[in-house]
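Heads up, the thing below is written out as C-alpha cells.
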Amino acid sequence: MKRILFAILPLFLLVTSCDKDDQNGTVELHFLATYDGAPLVMLEPYDYTEGISILFQRFNFYLSDVALLKDGKETDVLDIDFVEFDGIDDANKAMAGVALPTWFEVPAGDYDGIRIGLGVPAGLNATQASDYPSTHPLGMVSHYWQDWNSYIFTMINAKIDTNADGLHDDGSVLYHCGSDEVYRSKTVNLPISVREGENSRITFTVDLKDLFKDGNGYLDVVAKPNTHNINDLAVANQVMDNFRDALIAQE
C-alpha cells in the first residue's frame with residue numbers, strides 16, 4: 001500500500017537542541033502540488049503542449065537541510081525527509097496536500113526566512129541505501145541509483161498520449177534527477193512567527209507543469225523522454241532549476 005509520506009524516526013531528525021529554560025513552539029511542514037493551477041491528481045490526464053496529453057504516475061522528492069533563518073543565524077529543523085504525492089488519487093486529497101508527520105520543536109520567536117534543500121546533500125549522497133535500515137528515507141532501494149552512486153533526488157513518472165486516443169500509451173516520461181550536480185538549495189525571505197506552545201504551519205506549493213519549462217515553452221517530452229544519461233545532465237539540471245524556482249513557501 002502506497003504511503004503518502006514517509007515517516008521518520010526521531011533518530012534521523014536534526015532538531016535544534018534547546019535548554020530546558022527555552023520557550024519553544026513547533027513547526028509543521030506542509031506541501032501542496034498542482035498542475036497548471038489545478039490540483040495534481042495521479043492517473044488523471046492533463047493537457048501538456050498542443051497535441052499531447054500527459055498522465056502522471058509518480059511525483060516525489062527528497063527534502064533536506066531545512067533551517068529557519070533570523071538575523072543571519074540558522075535554526076536547524078530537519079536533516080532529510082521524503083515527500084511523496086504518488087498516493088494522491090483524487091482532488092480532495094490533492095487540495096488537502098501532505099504534511100510531514102513530525103512537528104519540529106524550535107525556539108519561539110519571529111523568523112525572517114527559511115532555507116530548504118531539494119535532493120540529497122553531497123555528504124549524505126556519498127552514502128547508499130544499504131547503509132540504512134529500510135525505515136530510513138535514505139534506506140529506500142527504489143531511490144538509490146547504484147550505477148550513478150547517487151540517490152534519485154526527484155522522481156517524475158508519466159505517460160503521454162500523442163494521437164488523441166485517450167490511452168496514454170504513446171510514450172513514457174521518466175525524469176529521475178540525481179547526482180551532486182543537480183542538488184538545489186533555496187532560501188525564502190518570509191516572516192515566520194513561532195509562538196510558545198503553539199504549532200506554526202509552513203506550506204510549500206509547487207506547480208508540476210512549471211518543472212517542465214523550457215524558455216517560453218515546455219520541454220519536448222517526445223524527443224527527451226528521460227534523464228538517464230549520467231553524461232548528459234542538461235534536462236535534469238533544467239528540471240531542478242525549475243523546481244527551485246517553482247517551489248513557493250508561505251506561512
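The values are calculated or read from the model by the stated rules, or taken from the named source; none is laboratory data. Predicted, not measured: the structure shown is a model, and the values here were computed from it. Cβ placement follows ideal geometry from the backbone for every residue including glycine, while neighbour counts extend to all protein chains displayed.
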For this session: Please find, within the range 150-176, the residue that is nearest to Val235 (Cα to Cα) out of those that are in contact with a Gly (Cβ under 9 Å, 6 or more places away or on another chain) and among the polar types (S, T, N, Q).
Result: Thr154
For this session: Would you confirm whether any residue within the range 123-133 is modelled with pLDDT of 95 or more and closer than 20 Å to Ile248 by Cα?
Result: no
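Among residues belonging to the range 56-92 that are charged (D, E, K, R) and at positive phi, point out the one that is surrounded by the most Cβ atoms within 10 Å (Cβ to Cβ). Outline the logic, then answer.
Within the range 56-92, the first condition is being charged (D, E, K, R), and the residues that meet it are 58, 65, 70-71, 73-74, 76, 79, 81, 84, 86, 89-90.
Within this subset, residues satisfying the condition of being at positive phi are 65, 71.
On the way: Asp65: 22, Asp71: 6.
Of everything passing the filter in the range 56-92, Asp65 is surrounded by the most Cβ atoms within 10 Å (Cβ to Cβ).
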For this session: Would you check if Ile88 is in contact with a His (Cβ under 9 Å, 6 or more places away or on another chain), in contact (Cβ under 8 Å) with a residue 24 or more places away in the chain and either in a helix (DSSP H, G or I) or not aromatic (Phe, Trp, Tyr) (or both)?
Result: no
For this session: Could you list all residues from the range 1-59 that are modelled with pLDDT under 95, part of a loop (DSSP other than H, G, I, E, B) and among the aromatic types (Phe, Trp, Tyr)?
Result: Phe6
Exercise. What are the residues in the range 104-124 that are more than 18 Å from the chain's Cα centre (by Cα) and not in a strand (DSSP E or B), if any?
Worked result: Ala108, Gly123
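Out of Val98, Val83, Val66, Val106, I need the residue that is over 30 Å from Asp161 (Cβ atoms) and either touching a residue at least 60 places away in the same chain (Cβ under 8 Å) or hydroxyl-bearing (Ser, Thr, Tyr) (or both). Which one? Please lay out each step first, then the result.
Numbers: Val98 fails: over 30 Å from Asp161 (Cβ atoms); Val83 fails: over 30 Å from Asp161 (Cβ atoms); Val66 fails: either touching a residue at least 60 places away in the same chain (Cβ under 8 Å) or hydroxyl-bearing (Ser, Thr, Tyr) (or both).
From the options Val98, Val83, Val66, Val106, the qualifying one is Val106.
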Exercise. Hey, Glu198 hits all of (1) within 30 Å of Val106 (Cβ to Cβ); (2) touching a Phe, Trp or Tyr at 6+ places or on another chain (Cβ under 8 Å) but one; which does it fall short on?
Worked result: (2)
For this session: Being touching a Gly at 6+ places or on another chain (Cβ under 8 Å) and modelled with pLDDT of 95 or more narrows it down to one of Ser142, Ser179, Ser185, so name that one.
Result: Ser185
